[in-house]
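Chemist: Okay, handing you the structure first.
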Amino acid sequence: MSSMGMTPGVPRREVIKVTLAALFGTTLEFYDFLLYGYVASVFAVLFFPSSNPLASLLAVFVTFAVGYIGRPVGAILFGHIGDRIGRKLALMLTLFLMGLASFLTALLPTYAQVGILAPIMLVILRLVQGLALGGEFGGGLTMTGEFAPK
């Protein structure tokens, strides 16, 4: 192809496009995922009210950990989808899921409004975010590697 050692048959423009798309997607996913840690003290009050503020904060960070538990599962699930159906579809699904879970987190009712259902819904949405991040990170790296110069 060119002197840069590009993958045969893949135009340079396509390599740059895939690399930037993977970079943007992964950056956005990590931003959404880690934003939760930034607002942990607010979530502690809204979703895990307790007479002990430390207990509330610990409950928030356990919920944060649920997202990390979902990451390897998401990598396996979306890796399978990427291998069978296509990486582009898998990456679009992960971006959609992360965006939807983040949007729904912003709309969640608080513990004062719906009781124990509020933290349960938060945990489920954190799991969805973890699944999406696991799929995006692995899929983005794989797709970039497939298009990378030799």
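Each value in this text was obtained by applying a stated rule to the coordinates, not by laboratory testing. For clarity, every value in this text was computed on a predicted model and none was experimentally measured. When we count neighbours, we look across all protein chains shown, and the Cβ atoms used for this are built from the backbone with ideal geometry, even at glycine.
Chemist: Taking the stretch 36-49, which residues are in contact (Cβ under 8 Å) with a residue 12 or more places away in the chain and assigned to a helix (DSSP H, G or I)?
Modeler: Filtering the stretch 36-49 down to residues in contact (Cβ under 8 Å) with a residue 12 or more places away in the chain leaves 36-37, 40-41, 43-44, 46-49.
Within the stretch 36-49, TYR36, GLY37, ALA40, SER41, PHE43, ALA44, LEU46, PHE47 meet the criteria.
Chemist: Step by step: first the residues of the stretch 50-88, then only those that are within 15 Å of PHE33 (Cα to Cα) and free of Cβ contacts under 8 Å to residues at least 12 places away in the same chain, then the one that is nearest to the chain's Cα centre (by Cα). Which residue is that?
Modeler: Applying the filter and picking the extreme gives ALA65.
Chemist: Give all pairs with beta carbons closer than 6 Å in which a residue from the stretch 114-134 that is closer than 16 Å to GLY25 by Cα meets a residue that is buried (at least 24 other Cβ atoms within 10 Å of the Cβ) and among the acidic types (Asp, Glu); count only pairs at least 6 apart in sequence or on separate chains.
Modeler: Hits for this filter: LEU133/GLU29.
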